Every structure is written in C-alpha cells, then in structure tokens.
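> Let me begin by handing over the structure; questions about it come next.
The values are calculated or read from the model by the stated rules, or taken from the named source; none is laboratory data. All values derive from a computational prediction rather than experimental measurement. Using ideal geometry, Cβ is built from the backbone for each residue, glycine included, and neighbour counts are taken over all protein chains shown. Side chains are part of the model used for accessible areas, which takes the heavy atoms of the whole protein and leaves out ligands, DNA and RNA. Shrake-Rupley method; radii C 1.70, N 1.55, O 1.52, S 1.80 Å.
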Amino acid sequence: MSDPAEEAAFIEKLYEYGEQLNNAKDKSQNVQDYQGIIDAAKTSVKAKQLAAQLIPRFYKFFPDLSSPALDAHLDLVEAEELGVRVQAIRGLPLFCKDTPENIGKMVDILVQILGSEEFVERDAVHKALMSLLRQDVKASLTALFKHIGSVEEPSTDDVIREKVINFVRDKVFPIKAELLKPQEEMERHITDLIKKSLEDVTGIEFRMFMDFLKSLSLFGEKAPAERMKELIGIIEGQADLDAQFNVSDADHIDRLISCLHMALPFVVRGASSNKFLNYINKYIISVFDQLPGERKVDLLRSLAEFSPYTTPQDSRQMLPSIVQLLKKYMTWKKTGEEMNFTYVECLLYTFHHLAHKVPNATNSLCGYKIVTGQPSDRLGEDFSEHYNDFTERLNNVEEFTRATIKKLTQGMDENNKSMAGAKTDEEKEKIKTKKQNATTGLRTCNNILTMTKPLHAKVPSFIGDKRINLSWKEATKAASTAPAAGAKRPANAANGSNNIASKKGRGAGGLQNQLVNRALEGLSGGGRGGMRGRGRGWGGRGRGRGGGYR
C-alpha cells in the first residue's frame, strides 16, 4: 500500500475494529470487526504489526473464524519484515490461553524458528515458549521433547533437535523448581520424557540429561533404593550390556567404561549394578590386552572404585579374573619386563576389597589357608604352588616399587634444585608439573607397598575399608589447582564425548595418569592412559540400536 493517506485511514480503521471489540459486551457478535482485522493482516507493514496484536487478543471469541485467524497469524510469523515476525511470535501463546489444545501446535511452530539468526526474533521465541510452559508445563514439555525424539519416533531435523535440547538445557532446567509443579507428578513426567529421549543421544547429551535427573527431588538423598535402581537401569541400557562384546568396537568400549563410572555414585548410595560387573567379567577381562591403552586404565580405575561396593556373590565371581590379571602384571623378575604401577595399584585395591568379602575364595587362587567352615575353603587340597608363585610376584613388585621410590625421590631433589635456577615462568611451570607427577607417582608406589605387605602371610588380612586413598583421587586435586603446562584439553573433546566421564576426577585423573607415567618413564612400564576425545561414536548419534549408538 503505497498511498500514505490510504494507509493511515486503514490503520485508523483497524484501531476502530479493536476499540469496538474492546467495548463490546458480547464480543462474539462483532464478527465483521474481527474479520476486518484478519483481512488487514495482508496489507501494509504497520497494519500487519497491529493485526499481529489484535488477532490473538480476540481469537477466543470467534471459534468459527479460528482457522482463517490462525492462518493469517502464521503468515505474519513468516513475514519478510522482522518487526512483523517478532510481534506475531509474541502473540502465539495467546492462542492457547483459553484453548489449551493449541499448545502442541504453538510449540511446534516456535521450535521451527528457534534457530533464527536475529537475536530479537530468537529472544521472542524463547519468551513465547516460556510463556507456554507456564501456561501448561506438561503439554509444553511433551511437545518439546517430541522434537528431541527417540528410537521409535526419531527427530526428523537434527538442527531443530539440537536447538530444542539447548533451549531445554539453558532455559527449562535452571528453573525446574518453578516449572515442575506439582513437584512429584511433573518430575516423574519429565523423567519419563527424558528416558525415551535417551534411546538416541550423544555422549554429552546423556551426561547432561543424567545430571538433570540426579538434581530432581525424585532421585535426591532421601529417595528409596528403587529410584537409584531406576537410574542404574538407564545407565546400563546406555552401556548396551545386552550386546555381544566386540573388542574392535571402540564406541562400545568408550560408552561402557564411561557409563560404568557414571553408575558409581548410585552404587555408593546402595544400588546394585552386578550387570556391569558380570559383563566385564564375561567379555572384557579376557581380552584386556587388546583394549586401547587409555581404556585399560579407565577400566581398572573404575573397577577399583566399584570394588568396595560389590556383593559377596559378585566378588566371588570376579576374583578369579582379577587374580589372573594381577599375576600378569606382577611380573617375574627374571622375565626382565617392566612393571605398570598404575595397573598394579588398581588391581591390588580391587583384589583386597573383593577378597575381604569372600576371603576363602583366595585359598584356591593364591594358596592361602583361610578357614570359614564352608566346602569352598578347599583346605584338603594342595595349593602351595599358587602360594609360592603369588608371594614371589609380591616380592618382585615390592623390589621394583622400592627402587622406583628411590629414583622418584632423587628426581624430586633434582627438581627442587632446578626450580631454584629457573628463570622463566615456563621453565618453572614445567618443573612444577614434574614435581606434581613425581608426587603422584610416589603415592602410587606407597599404596602398592601398603597393599602388598599384608598379603605375605599364609592367612593374610584383606583391606576392606577406605584406608587406602587411591593415587588418582589426590592427583585430581593437584591437577585442578595447578594445571600442567602444555597439558591442554584435546581439541576434539569439544564434541562433548570427553565430558561423559570427566567429573569427580575422571577427566583430570586420566590426564594426570599420562603425566605420572612420564615421570615414571625408565622406572616403570608403559601404561599411559586416561580419558580422550572420542570423535564421532560416543560423541555422535546412532539410530536404530537399542543403546542408541552406532
């Protein structure tokens, strides 16, 4: 409409329609006024902006015009002019004020424009979605999560899916206390929505959703054991423990070990997770040497952290495999092999905690003579050969460890001297890192000696408490307060795959393990390991598989 006078007259007419509708006691009788507003949505820019305010305001009074009214308004949402679009977006929640059946449709419309490059438009979308959530949180969440999808109903647009997940993470989760009312009902509803979505997620998405679930009162400190079991079940499903293990499937290994560590806090709170242990015992320990180096360390550390919480039944089942691995890495002196101190620390710790629960199981495995009065004692059989083999390996471990402590201590003295002569901050930082790594190495060695000492007796005492502070736990604190020079996070960790197991010491601990082994180079065997960026796989979404991964 190019004639300013004609446009002004039309705008004046629109105001007249609006005023007449405002003043009417029975607005439904003013059909021509509302139809005039709908028609105006196809004229000038200013008229469109005004119509975008008036159409939703009076929508509920004209059910017979609901279709043309909505169609006209949606045209405004898609208008070329930014101002018109923003005004139309702001009006969308009003279509649901008295007609809640429209909420799903309005959410669908809004998520299509979540990715707008215009900040003001994107902000209007966010505010409109939040308005709908406050009107009816249950219906709005249900509609939002349909765009995140599941294996049965996958999202058809990955770009939109990502935008919806980001919106839920940034806008919905932080105000859960305000939105999720009544609390128990709505926490259960969003939990069920998340559980469906977890069938098809990336590693970082899984961590994000699990962190949110843990924050709900439904799974809080006072939650019953079955709630912890529910979360363990979710993690077990993500680990795909029903699948046949294939050592060449790096993605499955990554997910398995990451999920194993994620399950630990719930196991600490009393939930059982023997499914993980059974799977590892059945498939993985037998091919341990074929795993990537860093995955070996992650697996052994997770098993060590799990071991205090295993049941006697799980302990009896796992012990033969653990003893087998322990003997393998407590190498004979005459072989000339170097020792991997990290492996030995993990395995000794696991051995102690498992054996503490079923001490007589060690009779046939290590040649001990522990009497419980059960047939499983097998005291009538001669296992002296096992005892001699086991104790000789213990002696060899102690000899290696004491020699390494001596060298590490000497290295500490040299580092102290070097620090005094260091001139640049870079030199000082490198020396500081070496000292931290040597300190962690000493912790590892001292832990090993503490755990080997009680195992020499014919009737040993097994450590079943928490007197041993695992070396990487303290190493994490050191690493977090003083990051190692040059030890930056891998660039490809940005895809989120590293995050799935980076909390509570896993990320920094893995890095620290690599640095510690550098400190032990020439003193001990390889075994560098830790978390790594995993590329696509755990970091990517795979469709059509029960665990939601390729």
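> Just need a number here: residues in the stretch 453-472 that are surrounded by 15 or more Cβ atoms within 10 Å (Cβ to Cβ), closer than 18 Å to ARG301 by Cα and not small (Gly, Ala, Ser).
Within the stretch 453-472, residues that are surrounded by 15 or more Cβ atoms within 10 Å (Cβ to Cβ), closer than 18 Å to ARG301 by Cα and not small (Gly, Ala, Ser) number 4.
> If you don't mind, there's one more thing I want to ask. Out of the stretch 208-230, which residues are surrounded by 14 or more Cβ atoms within 10 Å (Cβ to Cβ), part of a loop (DSSP other than H, G, I, E, B) and either of a type in the set (Asp, Glu) or under 16 Å from the mean Cα position of the chain (by Cα) (or both)?
LEU216
> Going by the structure shown, is VAL125 surrounded by 15 or more Cβ atoms within 10 Å (Cβ to Cβ) and touching a residue at least 40 places away in the same chain (Cβ under 8 Å)?
No; evaluated as a whole, the condition is false for this residue.
> Another question, then. Within the stretch 303-312, count every residue that is open to solvent by less than 20 Å² (accessible area, probe 1.4 Å) and touching a Ser or Thr at 6+ places or on another chain (Cβ under 8 Å).
To start, the set of residues in the stretch 303-312 that are open to solvent by less than 20 Å² (accessible area, probe 1.4 Å) comprises 303-307, 310.
So of that shortlist, the ones also touching a Ser or Thr at 6+ places or on another chain (Cβ under 8 Å) come out as 303-304, 306-307.
Number satisfying all stated conditions: 4.
> Could you pull out every one of the helices (runs of 4 or more DSSP H) wholly within the stretch 66-115 that has 2 or more residues that are over 22 Å from LYS42 (Cβ atoms)?
Numbers: elements: 66-77, 82-91, 103-112.
Ranges flagged: 103-112.
> What are the pairs, 6+ residues apart or on separate chains, where a residue within the stretch 444-463 that is assigned by the TED database to the domain that holds LYS369 has its Cβ under 7 Å from a residue that is among the hydroxyl-bearing types (Ser, Thr, Tyr) and open to solvent by 40 Å² or more (accessible area, probe 1.4 Å)?
Close Cβ pairs satisfying both conditions: PRO454/SER461.
> Could you run through the stretch 138-172 and say how many residues are part of a helix (DSSP H, G or I) and open to solvent by less than 20 Å² (accessible area, probe 1.4 Å)?
Residues in the stretch 138-172 being part of a helix (DSSP H, G or I) and open to solvent by less than 20 Å² (accessible area, probe 1.4 Å): 11 in total.
> Can you go through GLU205, GLU199 and tell me which one is open to solvent by less than 40 Å² (accessible area, probe 1.4 Å) and closer than 25 Å to PRO154 by Cβ?
Selected residue: GLU205, the only one of GLU205, GLU199 that is open to solvent by less than 40 Å² (accessible area, probe 1.4 Å) and closer than 25 Å to PRO154 by Cβ.
> Filter the stretch 265-295 down to the residues that are within 20 Å of the chain's Cα centre (by Cα) and either open to solvent by 20 Å² or more (accessible area, probe 1.4 Å) or free of Cβ contacts under 8 Å to residues at least 12 places away in the same chain (or both) and list them by number.
Matches in the stretch 265-295: PRO265, VAL268, ARG269, SER272, LYS275, GLU294.
Rundown of residues vs (1) under 21 Å from ASN469 (Cα atoms); (2) out of contact with any Lys or Arg (no Cβ under 9 Å at 6 or more places or on another chain); (3) open to solvent by 30 Å² or more (accessible area, probe 1.4 Å), yes/no style:
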{"site": "ARG301", "(1), (2), (3)": "yes, no, no"}
{"site": "ASP314", "(1), (2), (3)": "no, no, no"}
{"site": "THR331", "(1), (2), (3)": "no, no, no"}
{"site": "TYR343", "(1), (2), (3)": "yes, no, no"}
{"site": "CYS346", "(1), (2), (3)": "yes, no, no"}
{"site": "GLY367", "(1), (2), (3)": "no, no, no"}
{"site": "GLN374", "(1), (2), (3)": "no, yes, yes"}
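> While we're here: Restricting the stretch 59-87 to residues that are in contact with a Leu (Cβ under 9 Å, 6 or more places away or on another chain) and under 19 Å from LEU21 (Cβ atoms), which is most open to solvent (accessible area, probe 1.4 Å)?
So, considering only residues that are in contact with a Leu (Cβ under 9 Å, 6 or more places away or on another chain) and under 19 Å from LEU21 (Cβ atoms), the one most open to solvent (accessible area, probe 1.4 Å) is LYS60.
> Being farther than 28 Å from GLU80 by Cα and under 18 Å from the mean Cα position of the chain (by Cα), is that true of even one residue in the stretch 142-151?
In the first step, residues of the stretch 142-151 are kept if they are farther than 28 Å from GLU80 by Cα; the result is 142, 145-146, 148-151.
Add one more test, that the residue is under 18 Å from the mean Cα position of the chain (by Cα), and what stays is 148, 150.
Scanning the stretch 142-151 turns up at least one residue that is farther than 28 Å from GLU80 by Cα and under 18 Å from the mean Cα position of the chain (by Cα).
> Same structure, new question: Select from the stretch 348-376 the residues that are part of a helix (DSSP H, G or I) and polar (S, T, N, Q) and list them in ascending order. Before the answer, list the steps.
Pass one, the stretch 348-376, residues part of a helix (DSSP H, G or I): 348-357, 359-366, 375-376.
Correct list: THR350, ASN360, THR362, ASN363, SER364, SER376.
> For the stretch 336-347, what are the residues that are assigned to a helix (DSSP H, G or I) and either closer than 11 Å to ARG393 by Cβ or not assigned by the TED database to the domain that holds GLY464 (or both)?
Once the filter is applied, which keeps residues that are assigned to a helix (DSSP H, G or I) and either closer than 11 Å to ARG393 by Cβ or not assigned by the TED database to the domain that holds GLY464 (or both), the stretch 336-347 yields only VAL344.
> Which residue, of ASN437, ASN395, ASN415, ASN388, is assigned to a helix (DSSP H, G or I) and either touching a Lys or Arg at 6+ places or on another chain (Cβ under 6 Å) or under 20 Å from THR350 (Cβ atoms) (or both)?
Of ASN437, ASN395, ASN415, ASN388, the one residue that is assigned to a helix (DSSP H, G or I) and either touching a Lys or Arg at 6+ places or on another chain (Cβ under 6 Å) or under 20 Å from THR350 (Cβ atoms) (or both) is ASN415.
> Identify, from the list LYS473, LYS453, LYS406, the residue that is under 30 Å from PRO312 (Cβ atoms), basic (Lys, Arg) and more than 38 Å from the chain's Cα centre (by Cα).
Values: LYS473 fails: more than 38 Å from the chain's Cα centre (by Cα); LYS406 fails: under 30 Å from PRO312 (Cβ atoms).
Residue meeting the stated conditions: LYS453.
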